[in-house]
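K.L.:
Dumping the structure here so I can ask a few things about it.
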């Protein structure tokens, strides 16, 4: 049995999850374009220095979010 207001909170969370997923898909598409440009230029697809910078930025903006950044970067660099 759930408290009556729990359903509302779950709806809010579901809506936020949908928004997050749309943003993550947009990020993956942008990453794919960048990876294509790097490949055509003969550069490595992954840039450890850039990834470290992104992770540091996540940690600065939201302490503890480094693992989230790593998961996003890995997902965005994964070929479909």
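K.L.:
Going through the range 39-53 one residue at a time, which ones are surrounded by 11 or more Cβ atoms within 10 Å (Cβ to Cβ), over 16 Å from the mean Cα position of the chain (by Cα) and assigned to a helix (DSSP H, G or I)?
P.N.:
The one that is surrounded by 11 or more Cβ atoms within 10 Å (Cβ to Cβ), over 16 Å from the mean Cα position of the chain (by Cα) and assigned to a helix (DSSP H, G or I): 39.
K.L.:
Of everything in the range 54-79, what is over 14 Å from the mean Cα position of the chain (by Cα) and closer than 18 Å to residue 28 by Cα? Give them in sequence order.
P.N.:
Passing the criteria: only 79.
K.L.:
Still on this model: If a residue has to be under 17 Å from residue 21 (Cβ atoms) and out of contact with any helix residue (DSSP H, G or I) (no Cβ under 6 Å at 6 or more places or on another chain) to count, how many in the range 58-80 make the cut?
P.N.:
Matching residues across the range 58-80 total 7.
None of the figures in this text is laboratory data; all of them are computed from the coordinates on show. These numbers come from a predicted model, not from an experiment. All Cβ positions, glycine included, derive from the backbone under ideal geometry; neighbour counts span all protein chains shown.
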